[in-house]
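J.: My questions all concern the structure below.
Nothing in this text is a laboratory measurement; each read-out follows from the coordinates by a stated rule. Keep in mind that this is a model prediction, so the values were computed, not measured. Here the Cβ is made from the backbone with ideal geometry for all residues, glycine too, and neighbour counts use every protein chain on show.
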Amino acid sequence: MKFGKVGQVVLVSAIALSVATLFTACSTLTVGFLYVPTTLQNPGQIEVYEVNSESGVLRTIPTSPFPSGGRNPLAEAVSPDFNNLYVANNEDNNIVQFGIGNDGKLYPQSTVNTPGTFPVALGVNGTYAYVVDNLGPTAGCSLTNPCPGLIAGYTIAPQTSTVNPGSLGLAPASCATVPAPSPLPDCTDGNPITNSNGLPYVSLQLSANDQTVLTPAAINITANGNYVYVTAYNPATSPFQGYLFAFSVGAGGSLTPVPLGANYLLNGQSTQMIPLPVGSEPITLTSDSASQYLYVVDELKNQIDTFSLQSGGSLTLLGTTPTGNKPSAAAMFKDSFLYVTNSLDSTVSAYSIASGSLTQIANYASSLNPVAITVDPKNIGFLYTVNYLGNSLSGYQINPATGVLINTQATPYLSSAQPSTITGIPHGGTATSGTAK
């Protein structure tokens, strides 16, 4: 390819900027990058922050923010190799794949429409990604005439793929040509995984014939990749009734529901309930790196339910621990400490963990209305909250022996309006992901 003088100037400038950005990241001891979608603008925006390894101080990279590719980005996840960021835009029913540069910059690669509408949660583990839609694809289904939501899975294309490495879904055979063609719509709109029910999704229903509409809230994939858990609640009851769904992950990422509930009467007949009734509004959940314990945070009951994970995906309740008012998100540090944001109190509750059991350490102030939380991308020992009404992030340093928090320098760190969630990538090492409402 031959460049004219203008093209040469642009190319040289681009190279210089890339080198300068990379040098800046290295010179400031950047340990990783944090990605924070914000929801007020149309399209949504994604703020990108450098994390300083010595102080935990955050600063936005020079070209931040980046358009999210849709309206109201509420969920995100990174690929296991840290080369891709996936963002679910709630009001456009899509997941946008971004390539991640060495300097943390984002480059849109492909877009997948979800099987249903209004995606609210997204999780990645191994070679699969799973999305939770608020509403299913039933004809006539809408926010004013709702139907049960769903969970759907996608295969993540490997980096060796000839077309759109890191894209979601199985691309049609016409895309698998060498050399790769220019990006085409049918090559960027992948197909979901077929599940045990023969469909490209699994409905979030109390039982197969029960059309009770639940509001899905969050997703967690165990570290070993064997099970996926989804929380939901029924807003039509008083008080709300919460539920916890479990799915086993089979060959090719296929999902099979794990029945957790007791029998109940449906139309006069005894019927196996698929999810486990739990609390009132289980808004988020997280699990440990050994896939032994699951922590479910209840926004209405102001509590954490701790479960031990059994063979086959079943659960045993170990105990319940109080939180602050309207807990909203949770993050774990090295399986030793759990941190929970309390959105109404604008605080973070810290807990020590021993054999899955929680003991509260203290509460710490954050900026206004924290809705998401994460540990730094390399698990060094910094903690960050996303403050929806504060339009900011709050930073803390974790005492690795006691779990006690102290504020990082210059906290809070400004963001665009109405940040919603957070995840990050390291410069080598283990990625971490926050959880959000």
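J.: Over all directions, the average projected area of the alpha-carbon convex hull for the chain comes to how many nm²?
T.: 21.9
J.: Per residue of the chain, what 222 nm ellipticity follows from adding -39500 (n - 2.57) for every DSSP H run with n ≥ 4, rounded to the nearest 500?
T.: -2000 deg cm²/dmol
J.: Same structure again: Give me, ordered by chain and number, the residues 5 or more places off Gln109 or on other chains with an amide H under 5 Å from its own placed amide H.
T.: Gln97, Phe98, Gly99
J.: May I ask for the net charge around Val51, where only other residues with Cβ less than 14 Å from the Cβ of Val51 are counted and Lys, Arg are +1 while Asp, Glu are -1?
T.: Net charge in that neighbourhood comes out at -3.
J.: Under the definition of Cα pairs under 8 Å and six or more residues apart, what whole-number percent is the relative contact order of the stretch 276-416?
T.: 14
J.: Another question, then. Pop out the ³J(HN,Hα) list for the stretch 72-78 in order, Karplus 6.51 cos²θ - 1.76 cosθ + 1.60 with θ = phi - 60°, rounded to Hz; leave Gly and Pro as x.
T.: 6, x, 10, 9, 7, 7, 10
J.: Give me the number: length gained by fully extending Lys334 to Ser291, i.e. 0.36 nm times residue separation minus the C-alpha to C-alpha distance, one decimal in nm.
T.: Answer, rounded to one decimal: 14.2 nm.
J.: Tell me the relative contact order for the chain as a rounded percent, counting alpha carbon contacts under 8 Å between residues six or more apart.
T.: 12
J.: While we're here: Given the peptides 261-269, 247-255, arrange them by the average over their residues of other C-beta atoms within 10 Å, most packed first.
T.: So the order, starting with the most tightly packed, is 247-255, 261-269.
J.: Next up: Between the stretch 37-74 and the stretch 285-299, how far is it from one alpha carbon centroid to the other, in angstrom?
T.: 27
J.: To the nearest Å, what is the center-to-center distance of the stretch 95-120 and the stretch 312-329, using C-alpha atoms only?
T.: First find each Cα centre; the distance between them is then 31 Å.
J.: Along the stretch 386-392, what does the Karplus equation 6.51 cos²θ - 1.76 cosθ + 1.60 (θ = phi - 60°) give for ³J(HN,Hα), rounded to whole Hz, x for Gly and Pro?
T.: Residue by residue, the stretch 386-392 yields 9, 10, 4, 7, x, 6, 6 Hz.
J.: What number comes out for the charge environment of Gly424, summing +1 per Lys or Arg and -1 per Asp or Glu over other residues with Cβ under 15 Å away?
T.: Residues close to Gly424 contribute a combined charge of -3.
J.: Among Ser311, Ser416, Ser392, which one shows the highest mean-square fluctuation when the chain is modelled as a Gaussian network with alpha-carbon springs under 10 Å?
T.: Ser311
J.: Also: Run down the aspartates and glutamates and flag those whose C-alpha is under 13 Å from the C-alpha of Lys301, throwing out any fewer than 8 positions away in its chain.
T.: List returned: Glu281.
J.: Size of the dipole of the stretch 9-436 about the Cα centre, Lys and Arg at +1 and Asp and Glu at -1 on the beta carbon, nothing else charged, in debye to 20?
T.: Around 160 debye, computed over the stretch 9-436.
J.: At 20 °C and 1.002 mPa s, grab the translational diffusion coefficient of the stretch 205-311 from Stokes-Einstein with a Kirkwood Rh over Cα pairs, rounded to a whole number in µm² per second.
T.: Calculated translational D: 150 µm²/s.
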